1. Note down the net charge around residue 14, summing +1 for each Lys or Arg and -1 for each Asp or Glu among other residues with Cβ under 15 Å from its Cβ.
2. If packing is taken as the average count of other Cβ atoms within 10 Å, what order do 87-99, 159-171, 330-342 fall into, highest mean first?
3. Taking R0 as 51 Å, what's the FRET efficiency between residue 226 and residue 422 from their Cβ-Cβ distance, rounded to 0.05?
4. Just rank 374, 416, fewest to most, by other beta-carbon atoms within 10 angstrom.
5. If we count other beta carbons within 10 Å of each Cβ, what is the order of 236, 318, fewest first?
6. Order these by the 10 Å Cβ neighbour count, fewest first: 233, 343.
7. Mind checking the full-extension length gain between residue 392 and residue 257? Use 0.36 nm per residue of separation minus the Cα-Cα distance, one decimal, nm.
8. Less than 12 Å apart at the alpha-carbon level, and either on another chain or at least 8 residues along: which aspartates and glutamates does that give for residue 299?
Amino acid sequence: MWQACTDGDLEAVKKMVDDPEIEVNWVGEDRLDTPLHRACRFGHLEIVKVLLGQSKIEVNKGNKGDASPFYIACQEGHKEVVSLLLADPRVDPNKPSDDGGTPFFKACCCGHKEVVSLLLADPRVDPNKPKNSEVTPFFVACQKNHKDVVSLLLADSRVDPNKADKIGVTPFYIACQNGHKEVVSLLLADPRIDPTSPQEEGGTPFLMACQEGHKEVVSLLLADPRIDPNKVWENEATPFYIVCQEGQREVVSLLLADPRIDPNQPSNDGTTPFSVACQNDHKEVVSLLMADPRIDPSKADNEGSTPFFMACRRGHKEVVWLLLAEPRIDLNKPKNDQSTPLWFASQNGHLVVVQHLLASGGEIDTRKRSTFNYRTAAEQGRSMGARTTRPADETEEIFQTGKTNGPFCADLIDDYERDPVAVRHRLRRQLGLRENFIGHLFALMVFHSDSFVAINQSLAHAETKRFFQICARLPLEIQMVLCNRIFESPRDIILSKDSEPGFRLLARTTTWQ
């Protein structure tokens, strides 16, 4: 019987239902469904009719998950079978499965618009009955991006479109979080929807759309006057802070264009959006922010840690390269305990960062002692190599990196203290800093000749100087790499016709001398 109902063999089923020895409700040990379940699952309408004609049929019998045949038909979207079962007074159209989900809930979850429409027309069906998790049918339709079902439910006055789940997440919130632009647009047009309602922890729909990088949804929400784009989360972090933290470059760009956004507003520990982007190694976001004149790239948090400090501390070499080209940044600014960027880079064994700091041409303070343990950067790096026990608050990777590279950092700093010019030139040749400092988003004029002449001499011609000034104001997107060759002397500077359309002069007068 079970196999015949699965295969849709109507004649075999007709013969077996008249056999008194055949159990029409049989479920074998390895079977999840009854014969009626199988016929409903595969939409065999005529077989369902035959089985419903049997007085001994258990029309509401649950399978292993306690889902009834009616539930299965709704799940699979078999409209004609659902209609047939609804007409049978024995069928319970609200019988839930073991997770509390009703047949109506399942039809909404699966996006079966025609089945949902049939069920809404039946007065026995409760369109708001939630699962055990308090998720309603309307909620799950929004979550799964079934816009046609959402539209149907919004048109039914019985449906509560704001009913949240057990942690306070509303249908509108989940649609924003999942980036369902068309569903969000439908909901925004309904006057019953509250687009600002946060979940229990304080996260708003706008914040979640930003965090997940759903640019089109963010754009929709920014256009709604009810949305406060600066509404903070539990740690006083704004949506703009969150997108910088998550590295959502496109959303960062969108928010920067909105005059209501304060791009410098810190979290409650004083960390700015720019700093958190540097901390998390989001170099594209860092580049975007550096191009915005409102951004303060040197603002420290409550402990005195600057964005440059955090990039060095965590070993984010590409972010460090970008920041080294920013003249407003103090390369030696320590945190409150006087630990410098070089000190922490040495402690954590970030050898490449130490190399680039020393090669940059800036005046690097190697002698400053941290009040944490009164060691210099070299002494701290060397002490890391002598450790035999990993501290409880340190990962194995950080411990091993510091242990391996700390002594190399210390030796390099010692060499630099003895002869900074020689070490600087050696590192530039060794590291291929031409490519590193030119970068992908910033164009950096790099001069490698030891016979370097003051950079202002290269700006002697008024036309060249004017060109530099204009290009420096261009958007970051077109400040691309301009040097298609490296010149041996400033006197050789020629802007060829196939050079990139714009650049920013980022070399300090003390760089590359």
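1. Neighbourhood net charge equals -4.
2. Final packing ranking: 330-342, 159-171, 87-99.
3. After rounding, the FRET efficiency stands at 0.20.
4. Least to most surrounded, the residues fall as 374, 416.
5. Least to most surrounded, the residues fall as 236, 318.
6. Least crowded to most crowded, the residues run 233, 343.
7. Gain in length upon complete extension: 44.2 nm.
8. Straight-line reach from residue 299, under 12 Å: 330.
Taken together, the values in this text are just the output of simple stated rules run on the coordinates, not laboratory data. For clarity, every value in this text was computed on a predicted model and none was experimentally measured. Reconstructed Cβ throughout: ideal geometry from the backbone, glycine too, with neighbour counts over all protein chains shown.
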